[in-house]
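So the structure is just underneath, and the comments pick up after that.
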Amino acid sequence: MLYVHSSRLSAGLLAAMLASSLWSTAVHAADTTPAAQLQHWSAQAGTPGDAAKGQTFFNAKHGAEWSCASCHNTPPTTQGKHANTGKLIAPLAPAFNPKAFTDTAKVDKWFKRNCNDVLSRECSAGEKADVLAYLNSLK
């Protein structure tokens, strides 16, 4: 009987620890906002993001076969699809996807990966600020 009680206690502790861990991960994942990301990249660039420049940048192919819009749509307010793999992509504009630009690690990861795909280089701080200004302007 003591063994059963101990098992229940262990299961309860395990469940509590798991719930705490999941909550902690959820809190950590939402460590920023789209507005904070725009402010950060604008400060890095030394100039405010420009939505018109961001829209032009987002839709341009930059001498390659892909643009940001190739996978994220024009405008990026609906579900996109990766041009190469066909993987579905959540809307990129924050007003249409509440998770967009809320995890700093993911923002950094995807800017680096996608800029390399589209530009064959990392985006500058100004380019990131402009794209974020554009995406934040979509309502």
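Which one of D103, D130 is touching a Ser or Thr at 6+ places or on another chain (Cβ under 9 Å), closer than 17 Å to D50 by Cβ and of a type in the set (D, E, K, R)? Even if it seems obvious, please write down each step before you answer.
On the way: D103 fails: closer than 17 Å to D50 by Cβ.
Just one listed residue meets the conditions, D130.
Scan the stretch 24-46 and give yes if some residue there is at pLDDT below 50 and either among the aliphatic types (A, V, I, L, M) or surrounded by 12 or more Cβ atoms within 10 Å (Cβ to Cβ) (or both), otherwise no.
Checked against the condition, which is being at pLDDT below 50 and either among the aliphatic types (A, V, I, L, M) or surrounded by 12 or more Cβ atoms within 10 Å (Cβ to Cβ) (or both), the stretch 24-46 yields at least one hit.
Given the criterion farther than 24 Å from T32 by Cα and over 16 Å from the mean Cα position of the chain (by Cα), identify the matching residue among G126, G63, G46.
One residue alone meets the criteria, G63.
Taking the condition open to solvent by less than 70 Å² (accessible area, probe 1.4 Å) and either at pLDDT below 95 or of a type outside the set (S, T, Y) (or both), does G86 pass?
Criteria met by G86.
Evaluate the stretch 92-104: report whether one residue or more is more than 14 Å from F57 (Cβ to Cβ), under 8 Å from the mean Cα position of the chain (by Cα) and basic (K, R).
Yes, the stretch 92-104 contains a residue that is more than 14 Å from F57 (Cβ to Cβ), under 8 Å from the mean Cα position of the chain (by Cα) and basic (K, R).
If a residue must be closer than 17 Å to G49 by Cβ and crowded, with 20+ Cβ neighbours inside 10 Å, how many such residues does the stretch 112-122 contain?
Selection size over the stretch 112-122: 0.
The values are calculated or read from the model by the stated rules, or taken from the named source; none is laboratory data. All values reported here derive from a predicted model rather than from experimental measurement. Note that we place each Cβ from the backbone using ideal geometry, even for glycine, and neighbour counts take in every protein chain shown. Please note that ligands, DNA and RNA were not included when accessible areas were found on the heavy atoms of the full protein model with its side chains. Shrake-Rupley method; radii C 1.70, N 1.55, O 1.52, S 1.80 Å.
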